[in-house]
Amino acid sequence: MKRQKVTIGAILEIKIENSYYVYAQILDGGYVFFDFKTGDRLKDYNILNSVSKLFILGVYKEVITKGIWIKVATLPIRDSLKVIPMQYIQDIHNPNKFSLYDPKTGDITESTREACVGLERCAVWTSNHVEDRIRDYYLGVSNKWLELLKIK
């Protein structure tokens with residue numbers, strides 16, 4: 001595995017089940033995963049400038065530093081991706097207590113359950129869990145990791 005540094009703007013190539021490739025970009029405060037898959041490695045990464053996002057998550061830095069996902073290019077971050085969406089925190093001891101988390105600043109503010117519906121839960125994902133989520137998305141099936149993180 002190739003050792004790498006976490007570099008904002010870097011494009012990551014992720015092979016899913018030795019079947020197809022997907023791509024992500026390192027943002028300032030998260031990682032965006034693009035709604036784009038291909039059987040062959042990309043040669044022109046500019047196509048990623050026009051595809052939609054699947055989701056934005058926090059990922060353990062070891063996924064990059066240990067070369068699990070390989071940096072293949074660098075692109076400017078689109079304006080629409082410069083503001084990282086808020087995430088929610090649900091108190092483990094009081095499941096009726098919610099907070100909003102700003103991944104860019106680290107600020108946490110009290111919130112309501114209703115304001116948190118539809119947001120990603122504040123979590124740092126491992127490579128295999130992200131790859132499972134992407135695979136399940138393209139298969140059109142429910143993802144067990146995402147189900148575990150839903151507001152209850």
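The values are calculated or read from the model by the stated rules, or taken from the named source; none is laboratory data. Just so it is clear, the model here is predicted, and its values are computed rather than measured. Cβ coordinates were reconstructed from backbone atoms using ideal geometry, including for glycine residues, and neighbour counts include every protein chain displayed. Protein only, heavy atoms only, side chains kept; ligands, DNA and RNA dropped before computing areas. Shrake-Rupley method; radii C 1.70, N 1.55, O 1.52, S 1.80 Å.
Within the shell defined by Cβ-Cβ distances under 10 Å, the residues around Ser127 carry a net charge of -2, with Lys and Arg each +1 and Asp and Glu each -1. Based on protein heavy atoms only, the chain ends up with 58 Å² per residue of surface accessible to a 1.4 Å probe.
With K and R counted +1 and D and E -1, the other residues having a Cβ less than 11 Å from that of Tyr31 yield a net charge of +1. For GluC sites (Glu not before Pro), the sites in the stretch 5-88 that DSSP calls loop and that have at most 11 other Cβ atoms within 10 Å are Glu17. Taking amide H as placed 1.01 Å from N in the peptide plane, Lys53 has its amide H under 5 Å from the amide H of Asp35, each at least 5 places away in sequence or on another chain. For the chain, the longest principal axis of the alpha carbon atoms and the long axis of helix 127-139 meet at an angle near 80°.
Secondary-structure-derived ellipticity at 222 nm for the chain, considering helices only, amounts to -4500 deg cm²/dmol, per-run term -39500 (n - 2.57) for DSSP H runs with n ≥ 4. 3J(HN,Hα) couplings calculated from phi for the stretch 89-98 with the Karplus curve 6.51 cos²θ - 1.76 cosθ + 1.60 (θ = phi - 60°) are, in sequence order, 10, 10, 4, 5, 8, 9, x, 8, 9, 10 Hz; Gly and Pro show x. Specify the residue with the greatest mean-square fluctuation among Ala24, Ala73, Ala115, computed from a Gaussian network of the chain linking alpha-carbon atoms under 10 Å apart. Residue with maximal mean-square fluctuation among Ala24, Ala73, Ala115: Ala115. Counting only heavy atoms of the protein chains and using a 1.4 Å probe, Thr112 has close to 70 Å² of accessible surface.
Using C-alpha pairs below 8 Å separated by at least 6 residues, the relative contact order for the chain is 21 percent.
The computed Rg/Rh (Cα atoms, Kirkwood Rh) for the structure shown corresponds, within (1) 0.97; (2) 1.16; (3) 1.03, to (1).
Taken one residue at a time, the phi angles of the stretch 6-22 give Karplus couplings (6.51, -1.76, 1.60, θ = phi - 60°) of 6, 10, 4, x, 5, 9, 10, 9, 10, 8, 9, 6, 6, 10, 7, 10, 10 Hz. Gly and Pro are set to x.
Positive contributions from Lys and Arg (+1) and negative ones from Asp and Glu (-1), summed over other residues with Cβ under 10 Å from the Cβ of Glu13, come out at +3. The share of accessible area on the chain that comes from carbon and sulfur is 53 percent, using a 1.4 angstrom probe.
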